[in-house]
1. Check the stretch 148-158 and report whether any residue there is assigned to a helix (DSSP H, G or I), modelled with pLDDT of 90 or more and not basic (Lys, Arg).
2. When you go through ILE358, ILE302 one by one, which is the residue that is in contact (Cβ under 8 Å) with a residue 24 or more places away in the chain, under 28 Å from GLU217 (Cβ atoms) and part of a helix (DSSP H, G or I)?
3. From the list THR54, THR85, which one is over 16 Å from SER269 (Cβ atoms) and either of a type in the set (A, V, I, L, M) or open to solvent by less than 80 Å² (accessible area, probe 1.4 Å) (or both)?
4. Determine which member of the set LYS280, LYS291 is of a type in the set (D, E, K, R) and either surrounded by fewer than 16 Cβ atoms within 10 Å (Cβ to Cβ) or touching a Phe, Trp or Tyr at 6+ places or on another chain (Cβ under 6 Å) (or both).
5. Any idea which of VAL106, VAL90 is open to solvent by less than 20 Å² (accessible area, probe 1.4 Å) and either in contact with a Lys or Arg (Cβ under 7 Å, 6 or more places away or on another chain) or assigned to a helix (DSSP H, G or I) (or both)?
6. Could you tell me which of the residues ALA152, ALA164 is open to solvent by less than 20 Å² (accessible area, probe 1.4 Å) and more than 23 Å from ASN210 (Cα to Cα)?
7. Just to be sure before I move on: is LYS298 closer than 30 Å to LEU88 by Cα, crowded, with 16+ Cβ neighbours inside 10 Å and charged (D, E, K, R) in the structure I sent?
Amino acid sequence: MLLLLLLFALSWGGELDNLISYALENSPKVRQYERLKESIRYKERYSKTLPNPTIYAGFNNLPLNKPYPNSTEPMSGFVVGFSQTYILPVKRDLEALITKNKMLEVEKSIEVIKRELIRDIKITYLEWTYTFKKEEILKSIEKELNNLKRIAEENYKYQKANLADILSVEADKIKLMREISDLHYQREIYKNRIDYLVGKSFELKGEEVNWDTPNFEGIDLTRSPYLRERYAQLESLKLELRRKRVEYLPDIELMVEYMARPSLSDMFSVRLGFTLPIYKSSKENMMVLEKQEEIRSKEEEIRELQLELKRQLKDLKVEYEKNRELLELTQKLLKEKRNELRALELSYSFGKADFRDILRLYREVWELELGRLELELSLKKLIPQLEALL
């Protein structure tokens, strides 16, 4: 955990750290499970206690002609009694262990929720910051479109460009304005999601987010919080099985009665009762078998989750390598296209190139610029997803 905190401190800016810290302390989802953990703590305290005793009062042996205690019916009388069910310590101790392990389950669930919350905040913050980078690129494209329009209008005067060239540039500019407008709305959506995840609205400055290349080979998935959560659930099921195995043991009931009689001496009675497991084969044994199947089901769930985590890790590795390679190729191709564009513009200045070829090449460069930004964002978004699995 200390290592993870250190990685967070080295990888993320102060603004994002503050968002995450506030969210972990104030997120309703996290606090919901914290409250649940406290409720289980109270349950653990009373799980070993006995059931409440029963106190009762009534009349015994009342004659029909005189329905109250009287001297003509010596056995009639007023009765008060007390009964207490005594559950065997082995049952109560196991109940306490189950409750205690339930608290461990909740703690592991809280860890998973926190990891997912951190992942979602990081990814959404990344997406929000990259809207500004994309806007910078779009604004630079707008400047280049304005320059192309100016060149086309000047050459139109000398019949070196036609009206279709000017209209084509103007159409590209309209599309660009729509994209910038849509980007502003998208940024607002990301900001709203950040506010939701954090639990409060903060004024964000936007900070650059960078980290080192992940070491996929050194990842140990056996310590994944998702697996630890499932193992805690499995341990609870095993404790519940132990509890079911002693369910047939008799519960003891102690009863004490005192009867006041009008014409005879008072009397008291003491009784001791216990349950008989005469339906053990069709009840308690079935409860044991039920719990055994639940344990087997949970073990299969854990095996399936292990395979799923391995698949996710391999997919993230493949995706990371693919995006990294594509980003390098895009940067090289972008550099080549920029050089080709400069050469074509030089040829155009001497009347040896067509304006439409320049516009087409500009469009290719713009597409590469935006594609490079998307690849960079996708590459960075993989890291929070990887961190959430560990």
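1. no
2. Answer to the selection: ILE302.
3. THR85
4. Details: LYS291 fails: either surrounded by fewer than 16 Cβ atoms within 10 Å (Cβ to Cβ) or touching a Phe, Trp or Tyr at 6+ places or on another chain (Cβ under 6 Å) (or both).
Unique residue meeting the criteria: LYS280.
5. Values: VAL90 fails: open to solvent by less than 20 Å² (accessible area, probe 1.4 Å).
Answer to the selection: VAL106.
6. ALA152
7. Yes, satisfied.
Every residue, every condition in (1) at pLDDT 95 or above; (2) surrounded by 14 or more Cβ atoms within 10 Å (Cβ to Cβ); (3) among the hydroxyl-bearing types (Ser, Thr, Tyr), yes or no:
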{"position": "LEU221", "(1), (2), (3)": "no, yes, no"}
{"position": "LEU234", "(1), (2), (3)": "yes, yes, no"}
{"position": "LEU249", "(1), (2), (3)": "no, yes, no"}
{"position": "SER263", "(1), (2), (3)": "no, no, yes"}
{"position": "ARG271", "(1), (2), (3)": "no, no, no"}
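The values are calculated or read from the model by the stated rules, or taken from the named source; none is laboratory data. Predicted, not measured: the structure shown is a model, and the values here were computed from it. Note: ideal-geometry Cβ built from the backbone for every residue, glycine included; neighbour counts use all protein chains shown. Calculation scope for accessible area: heavy atoms of the full protein, side chains included, ligands and nucleic acids excluded. Shrake-Rupley method; radii C 1.70, N 1.55, O 1.52, S 1.80 Å.
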